[in-house]
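Notes to accompany the following structure.
The values are calculated or read from the model by the stated rules, or taken from the named source; none is laboratory data. Predicted, not measured: the structure shown is a model, and the values here were computed from it. Because the Cβ atoms are built from the backbone with ideal geometry, glycine has one as well, and the counts that use them run over all protein chains shown. Areas reflect the complete protein model, heavy atoms only, side chains present, ligands, DNA and RNA absent. Shrake-Rupley method; radii C 1.70, N 1.55, O 1.52, S 1.80 Å.
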Amino acid sequence: MPPTDSIESLLKEERRFHPDPTFVRHARVGSHHAYAAMHKQSLDEPEIFWREQTVDLVWRTPWKTFSEWKLPHAKFFVGATLNLTESCLDRHLTTSRRTKAALVWEGEPGDSRTLTYFELHREVVRAAAALTDLGVKAGDRVAIYMGMVPEVVVAMLACARLGAPHSVVFAGFSAEALRDRINDCGAKVLLTQDGAWRRGSVVPLKAMADVALQQTPTVEKVVVLRRIGRGETQVVMKHGRDVWWDDWLSRVGPGPSLDHAKAPPAFDAEHPLFVLYTSGSTGKPKGVLHTTAGYLAGVHVTTKYVFDLRDDDTYWCTADIGWVTGHSYIVYGPLSCGATCVMFEGAPNFPDWGRFWSVIERHGVTVLYTAPTAIRAFIRAGDEWPARYDLSSLRLLGSVGEPINPEAWMWYHRVVGKERCPIVDTWWQTETGSIMLATLPGAVFAKPGSTGLPLFGVEVGVVKDRGEDCSPGEGGKLVVKRPWPSMARTLWKDDDRYLKTYWDVIPNVYFTGDGARRDEDDYLWVVGRIDDVLNVAGHRIGTAEIESALVSHPSVAEAAAVGRPDELKGHALVVFVTVKAGQKAGKELKEALAAHIDKEIGKFARPDSIRFTDALPKTRSGKIMRRLLKDIAAGGETQGDTSTLEDLGVLAKLRATEED
Ligand code: WTA
C-alpha cells in the first residue's frame with residue numbers, strides 16, 4: 001500500500017503501544033495527566049510556563065512581556081536581550097559539561113573527530129572573530145554552502161554569536177539554486193568547502209559555488225574549508241575574494257580575542273537568527289526568517305521533552321544541516337541542552353546498508369531521530385543489516401518529515417527498537433521552527449501513523465475552509481490557533497507573502513498547508529500537503545519550482561508536476577511536458593530535461609518520470625487541472641468532477657502517454 005494513500009486505513013489503525021514501564025519510571029513527563037497539566041499551563045499561564053522552562057537559558061536582560069501579537073509581526077520574550085550562543089556553549093563551560101563531547105563526528109571515509117563543549121566554544125569564538133575580521137557585522141547575512149562537517153556547526157554558531165543571520169543552503173542544491181538564495185538574502189560572505197563526500201565520490205562544492213558567484217554582486221568574501229584534499233578535487237581561488245579556512249582563522253591569531261570569548265554582544269529577543277529557504281506553492285522559494293529568543297526557547301524545550309534528553313544520552317539526528325531539522329535538532333536544540341550529538345557525513349548505504357547501524361553500535365547511540373523514507377529504504381535492504389549490529393544502546397526512536405506509515409512504524413519498533421524503545425513521531429515545519437505535535441514518550445501511548453498530541457504552547461485545530469472545526473475523524477485543514485514562540489516571523493523581505501500564505505487563508509489562524517484528522521482520543525493524523533508542495537524522499541519540493549525550471553528549457557512549452565504515491569520516497573515526482581512546435585519529444589529530450597533540473601535545482605529534485613503530451617488538462621479559464629494529472633500519474637482512473645475540463649479528449653491522450 002502506498003504510504004501517502006493510507007489515511008483511510010490509518011484511521012482504522014487500532015493498535016496502541018504503551019511505553020515500557022521502565023521508560024515511564026524515569027521519563028521527564030511520566031503520564032498523560034502530567035502532560036495535560038503542563039499543556040494546560042502552557043496555554044493558560046504562558047508567562048509562568050515559559051519562565052520556568054527557560055530558566056537555564058542565558059538571558060542578559062530578562063523579558064518583561066511574554067508576547068505581543070500584531071499581524072504580521074509577532075514578538076516573544078519582549079524586552080529580553082541575549083546572545084543565543086551563550087545558552088548553547090558558554091553556560092556549559094562552568095559545569096562538568098566543559099569536557100563533555102558536544103559533537104561526535106564521523107566522516108564518510110571513516111575519519112572522525114570529537115569536539116568537547118570547551119573545544120566547540122573555542123572554535124566558535126575564533127570563527128566569530130575571523131568573521132568580524134572579514135567585515136561581518138550584526139545584521140549582515142552569511143551564506144553557508146557546506147556538507148555535514150563539524151565546521152558547518154561552528155560556522156552557524158559563529159554567525160549567531162555575531163548576530164549575523166546565516167542562510168544555510170543544502171549542499172545538494174545546484175549553483176543556480178545557490179545563486180538565487182544568496183541574492184535573495186543579499187549575503188555578504190559565503191562559507192563553503194572544496195568538496196563534500198557523497199557515496200565515495202566528491203561533490204565539487206567550491207566549483208559549483210564559483211558558478212553561482214559569477215552573479216552574486218553582494219558577496220565580498222568566500223571562505224573555503226579544505227575537506228577533500230588536493231589530489232581529489234581542483235579548486236580555483238580568486239585572488240582578493242577567496243581565502244582558505246585555516247588561513248582565515250590564523251589571521252585572528254592562535255587564541256581568540258578576549259572580547260569575543262568573554263562578552264559576546266547581547267541582542268534583542270527578536271534579532272534575526274537565520275533565513276532558511278523552503279518550497280512553497282509558487283516557483284520562488286520562501287526565505288523563512290527565525291529570530292532569537294522564541295526560536296531558542298522552542299527548540300530547547302522540545303529537545304528536552306520530546307527526546308526525553310539526559311546528560312548521559314548520545315543523541316543522533318540523521319537529518320542534513322541544510323534543512324530545518326538539522327538547524328533545530330542537530331545544532332540549536334541539543335546544544336542548548338548540553339547534549340552529546342553524533343553527526344554523520346555520509347549516506348545510509350555507503351559502503352553498505354549496515355552503515356547507520358554500525359554508527360549506532362560504535363558510538364553507543366541512545367536516541368535516534370530519523371525519517372520514514374530512510375526507514376522504508378532499510379526495510380527494503382533487509383533485516384539482516386541491523387541484525388549484524390548491537391543496537392542495545394538505543395532507548396528512544398524519533399521520526400520526522402512525513403507521515404510514517406504503520407508498516408514502517410512496526411518495523412522501526414520491532415527491528416530497531418526491539419519492542420523496547422518508544423517511538424516519538426514528530427510533526428512540524430520549517431516555518432514552525434520546532435516540533436509542534438508528538439507522541440510524547442513516556443507520557444502517552446503511540447498509535448502507529450499518528451503524530452500524537454500538541455506540545456507545549458501549541459493549540460492546533462482541524463478545520464474546514466472557513467475555519468469551522470471538523471468533527472472527530474473528519475478530514476480538514478491543519479491550523480495553529482495562536483502564535484507560538486518559535487514560529488517564523490516573516491518571509492525575508494516579503495511580509496505580504498507571509499501574510500497571504502499563512503495567515504490570510506483561514507480567518508485568524510495559521511494555515512500549515514497540511515491536511516489532517518483528529519480522532520476521538522484527540523490524536524492527530526497528518527495526511528500530507530494539500531497545497532502544491534510535495535515530499536519526495538524527505539525533501540520538500542514545490543511543484544511550481546519544478547515547473548518553472550522545466551519551462552525555462554528552450555524546448556518546453558508547458559509543464560505540470562505532480563506527485564505519485566511511492567513506496568520508498570513517499571512521493572515520486574511525475575512531470576507532464578508539452579514541447580514547443582518543431583521540438584522533438586523523445587529519449588534525448590528526457591535526458592536533457594533531467595540534466596536541466598539538476599542544473600536549475602539540484603539532483604535530488606530530478607523527476608522520476610517525464611511524460612510528453614500534446615496538451616494538458618485545463619479548465620476553460622486556462623488553469624491546469626493537477627488533480628486529474630495526479631490520478632493519471634498514479635495509474636488510476638480520474639476521479640471526481642471533470643465538468644470544468646475544457647477538452648475531454650485530453651484525458652484519453654494523457655493516459656496513453658508513455659510511462660517510463
Ligand atoms: C511534513 C520538516 C506527517 C508535513 C520538519 C509538513 C510530516 C512538512 C511530519 C514540513 C510528520 C513533517 N508526519 N507529516 N511527523 N513531519 N511532515 O518544512 O507535510 O521540510 O508540512 O519541515 O513535512 O516540511 P519541512
Exercise for the section: Residue by residue through the stretch 518-548, note down the ones that are within 12 Å of the ligand (Cβ to nearest atom), open to solvent by 20 Å² or more (accessible area, probe 1.4 Å) and part of a strand (DSSP E or B). Expected result: Val527, Arg529, Asn535, His539, Arg540
Exercise for the section: Provide a single number: the residues in the stretch 337-380 that are among the aliphatic types (A, V, I, L, M) and open to solvent by 10 Å² or more (accessible area, probe 1.4 Å). Expected result: 4
Practice task
Keeping to the stretch 558-567, report how many residues are open to solvent by 50 Å² or more (accessible area, probe 1.4 Å) and without any contact (Cβ under 8 Å) to a residue 40 or more places away in the chain.
Solution key: 0
Practice task
Could you please let me know if Val505 is open to solvent by 10 Å² or more (accessible area, probe 1.4 Å) and either closer than 30 Å to Gln41 by Cα or within 12 Å of the ligand (Cβ to nearest atom) (or both)?
Solution key: yes
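Restricting the stretch 351-366 to residues that are outside any helix (DSSP H, G or I) and touching a strand residue (DSSP E or B) at 6+ places or on another chain (Cβ under 6 Å), which is nearest to Phe307 (Cα to Cα)?
Here is the first cut: in the stretch 351-366, the residues outside any helix (DSSP H, G or I) are 351-354, 364-366.
In the following step, the residues that additionally are touching a strand residue (DSSP E or B) at 6+ places or on another chain (Cβ under 6 Å) were identified as 364-366.
Values: Gly364: 16, Val365: 13, Thr366: 10 Å.
The qualifying residue nearest to Phe307 (Cα to Cα) is Thr366.
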Handout entry: Given (1) of a type in the set (Phe, Trp, Tyr); (2) open to solvent by 30 Å² or more (accessible area, probe 1.4 Å); (3) in contact with a strand residue (DSSP E or B) (Cβ under 7 Å, 6 or more places away or on another chain), index of the condition Trp197 fails
Key = (3)
Problem - Leu225 vs. criteria within 16 Å of the ligand (Cβ to nearest atom) and buried (at least 16 other Cβ atoms within 10 Å of the Cβ) - result: no
Completion exercise
Flagged in the stretch 568-599 as in contact with a Ser or Thr (Cβ under 9 Å, 6 or more places away or on another chain), in a helix (DSSP H, G or I) and open to solvent by 50 Å² or more (accessible area, probe 1.4 Å), in numbering order, are Lys599
Practice task
Of the conditions (1) open to solvent by less than 20 Å² (accessible area, probe 1.4 Å); (2) in the same structural domain as Val202 (by TED's automatic domain parsing), Trp50 clears all except one; give me its number.
Solution key: (2)
Handout entry: Close pairs (9 angstrom Cβ cut-off, 6 or more residues apart or separate chains): in a loop (DSSP other than H, G, I, E, B) and open to solvent by 10 Å² or more (accessible area, probe 1.4 Å) in the stretch 381-407, among the charged types (D, E, K, R) and within 10 Å of the ligand (Cβ to nearest atom) anywhere
Key = Gly401/Arg540; Pro403/Asp425
Completion exercise
A careful count of residues in the stretch 300-328 that are closer than 17 Å to Leu120 by Cβ and within 16 Å of the ligand (Cβ to nearest atom) gives 5
Practice task
Scan the stretch 157-173 and give yes if some residue there is outside the structural domain of Glu345 (by TED's automatic domain parsing), under 19 Å from Leu89 (Cβ atoms) and β-branched (Val, Ile, Thr), otherwise no.
Solution key: yes
Problem - Candidates Glu384, Glu402, Glu361, Glu431 - the one that is within 12 Å of the ligand (Cβ to nearest atom) and modelled with pLDDT of 95 or more - result: Glu431
Completion exercise
Just one listed residue, out of Trp69, Trp105, is surrounded by fewer than 13 Cβ atoms within 10 Å (Cβ to Cβ), in a strand (DSSP E or B) and in contact (Cβ under 8 Å) with a residue 24 or more places away in the chain, and it is Trp69
Handout entry: Residue satisfying condition, being part of a loop (DSSP other than H, G, I, E, B) and either under 34 Å from the mean Cα position of the chain (by Cα) or not acidic (Asp, Glu) (or both), within set Pro607, Pro565
Key = Pro607
Practice task
Kindly check whether there is at least one residue in the stretch 189-204 that is under 18 Å from Gly346 (Cα atoms) and touching a Pro at 6+ places or on another chain (Cβ under 7 Å).
Solution key: yes
Handout entry: Search result, residues across the stretch 420-436 that are in contact (Cβ under 8 Å) with a residue 40 or more places away in the chain, in a strand (DSSP E or B) and buried (at least 24 other Cβ atoms within 10 Å of the Cβ)
Key = Val424, Thr426, Trp427
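Suppose the filter is under 19 Å from Leu273 (Cα atoms) and either in the same structural domain as Leu440 (by TED's automatic domain parsing) or in a loop (DSSP other than H, G, I, E, B) (or both); does Trp63 pass it?
Considered against the rule, which asks whether it is under 19 Å from Leu273 (Cα atoms) and either in the same structural domain as Leu440 (by TED's automatic domain parsing) or in a loop (DSSP other than H, G, I, E, B) (or both), Trp63 comes out as yes.
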Problem - Matching residues, the stretch 356-374, being without any contact (Cβ under 8 Å) to a residue 40 or more places away in the chain and closer than 18 Å to Met410 by Cα - result: Trp357
Handout entry: Hey, Val415 more than 13 Å from the ligand (Cβ to nearest atom), of a type in the set (Val, Ile, Thr) and part of a loop (DSSP other than H, G, I, E, B) or not
Key = no
Problem - Subset of the stretch 108-132 (residues that are touching a Phe, Trp or Tyr at 6+ places or on another chain (Cβ under 8 Å) and assigned to a helix (DSSP H, G or I)) - result: Ala130
